[in-house]
Amino acid sequence: MQLRLLTALFAAAAVCAAGCGGIVDPSQNQVETFTGTIPVGGQSTPFGFSSSKTGEIEVKVTQLSPSTSNTAIGVLWTGRNSAGNCEGSLGVVFGQNIGTVGLPLISTQVLTGGYCLVLYDVGTFTTTETFSATVSHP
């Protein structure tokens, strides 16, 4: 009896998740590339993106020049500001991390909504750096 009840509950949950759009499989994510420069002691221009569903986000710096791949770089992931954009004062901070080229700087769950990413010097740059980064999201 209990096994039948549990089976019915799991089946109902699966139908609800499928009907509600559910969580997006990371293999179905879109990947956006953004590029720019970061001055010594400074930050990039904020990059805005929108997640259409709940799923996973992954942010990677794919290129940093003229530095080597082991140069540390920071990333800040925020919500959009009250005007709905990434200019000026940013919204709520969802994540902040320090990492290197090729490794995920952020890898976690993302909810439906509008977001901003900013890359910044953590004190390791000796000259202005040119970067390329990707954000994978639903």
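The values are calculated or read from the model by the stated rules, or taken from the named source; none is laboratory data. Here the structure is a predicted model, which means the values were calculated and not measured. Cβ: placed from backbone, ideal geometry, glycine included. Neighbour counts: every protein chain shown. Each accessible area value is taken on the protein alone, full model and side chains, heavy atoms only, with ligands, DNA and RNA left out. Shrake-Rupley method; radii C 1.70, N 1.55, O 1.52, S 1.80 Å.
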Exercise for the section: Give a residue-ordered list of calculated ³J(HN,Hα) values for region 34-39 (Karplus: 6.51 cos²θ - 1.76 cosθ + 1.60, θ = phi - 60°; whole Hz; x for Gly, Pro). Expected result: 10, 10, x, 10, 10, x
Exercise for the section: Subtract the Cα-Cα distance of Ala83 and Leu103 from 0.36 nm times their separation in residues, and report this length gain in nm to one decimal. Expected result: 4.0 nm
Fill in the blank from the handout: A 1.4 Å probe over the protein heavy atoms gives region 22-65 a carbon and sulfur accessible-area percentage of 45 percent
Practice task
Evaluate the distance, in nm, between pseudo-label points positioned 7 Å from the Cα of Thr68 and of Thr134 along their respective Cα→Cβ axes.
Solution key: 2.5 nm
Practice task
Take the Cα coordinates of region 62-135, assign each an equal point scatterer, and use the Debye formula without solvent to give log10 I(q)/I(0) at q = 0.16 Å⁻¹.
Solution key: -0.61
